[in-house]
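Worksheet: the structure to be examined is printed underneath.
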Amino acid sequence: MRILGIDPGLARVGYGVIEVEGRGVNTKQQMLDCGIIRTDPGTCDGVRMVEIARDLRVLIRQWQPDLAVVEKFFFYRSSTTISVVQARGVVMMTLARFRVPVAEFPPMQIKLALTGSGHAQKDEVLDAVMRELNLDHPPKPDDAADALAAALTGWYQR
C-alpha cells in the first residue's frame, strides 16, 4: 500500500510518501519520498494555490497513492489562518480530482498514534517517524517529517 501524507500550508506544503508491504510482524514500512511544495510569497494567493495544485498533481501521478492522509487544520487565531485553510481546500480538491481516498487526522491524533501521547513534543514524533521508517537521518524540513507522521497514522488507523 502506498500512502501520501500531507501537511498543508500556503507557503509550504509538506509531503511524504511511504510504502507498506506485508502483514503483522512481517510488515515493512519504507519512505519513498518526502519534501515540500514551496510557493512564492511574492505572488498573490490565487497563483500560490495554482502552484500547490500543479505540484501536487505531479506527485500524485508519480507515486499513484492508494491513500492520502491530510493533517486536519487545528484552528487558532492568526493572520494566515484563512490562507492555510484555502490551501488545504486546494489539496482536498486535487486529491478528489484524482479519486485518491483521503483520511484526515488532527495533530493530537497523529501524536497519539505515533508516540502514545496526544501531547507529545515534536522531537518525540520525529523519533517515532525515524524508528518506524528505519531512517538514519531526520527528514527535512519539519513539514516533510509531519507529512510522514500523517502517512504513518493513516497506515495505523486504516
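Does residue 42 satisfy the criteria of being farther than 21 Å from residue 142 by Cα, surrounded by fewer than 18 Cβ atoms within 10 Å (Cβ to Cβ) and in contact with a Lys or Arg (Cβ under 9 Å, 6 or more places away or on another chain)? So that I can check it myself, show each step before the final result.
Working: farther than 21 Å from residue 142 by Cα: yes; surrounded by fewer than 18 Cβ atoms within 10 Å (Cβ to Cβ): yes; in contact with a Lys or Arg (Cβ under 9 Å, 6 or more places away or on another chain): no.
No: the conditions fail for residue 42.
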Checklist line | Residues of the stretch 1-39 satisfying the condition of being touching a residue at least 60 places away in the same chain (Cβ under 8 Å), assigned to a loop (DSSP other than H, G, I, E, B) and crowded, with 20+ Cβ neighbours inside 10 Å | finding: 8, 9, 10
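What about residue 53, is it of a type in the set (A, V, I, L, M, F, W, C), modelled with pLDDT of 95 or more, assigned to a helix (DSSP H, G or I) and out of contact with any Lys or Arg (no Cβ under 6 Å at 6 or more places or on another chain)?
In short, yes.
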Checklist line | Qualifying position, being over 14 Å from the mean Cα position of the chain (by Cα) and under 18 Å from residue 20 (Cα atoms), among 147, 128 | finding: 128
Notebook entry, point to check: Tell me, which helices (runs of 4 or more DSSP H) wholly within the stretch 68-158 include 3 or more residues that are polar (S, T, N, Q)?
Noted result: 81-97
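May I ask you to verify whether residue 48 is modelled with pLDDT of 95 or more, surrounded by fewer than 16 Cβ atoms within 10 Å (Cβ to Cβ) and part of a helix (DSSP H, G or I)? So that I can check it myself, show each step before the final result.
Details: modelled with pLDDT of 95 or more: yes; surrounded by fewer than 16 Cβ atoms within 10 Å (Cβ to Cβ): no; part of a helix (DSSP H, G or I): yes.
No.
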Notebook entry, point to check: What residue, among those in the stretch 99-158 that are surrounded by fewer than 14 Cβ atoms within 10 Å (Cβ to Cβ) and of a type in the set (Lys, Arg), is modelled with the lowest pLDDT?
Noted result: 158
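Out of the stretch 85-142, which residues are polar (S, T, N, Q) and touching a residue at least 24 places away in the same chain (Cβ under 8 Å)? Spell out how you get there, then give the answer.
In the first step, residues of the stretch 85-142 are kept if they are polar (S, T, N, Q); the result is 86, 94, 109, 115, 117, 121, 134.
Those that are polar (S, T, N, Q) and touching a residue at least 24 places away in the same chain (Cβ under 8 Å): 86, 94, 109, 134.
The values are calculated or read from the model by the stated rules, or taken from the named source; none is laboratory data. Not measured: the values here are computed from a predicted model. For neighbour counting, all protein chains shown are included, and Cβ atoms are generated from backbone atoms with ideal geometry for every residue, glycine included.
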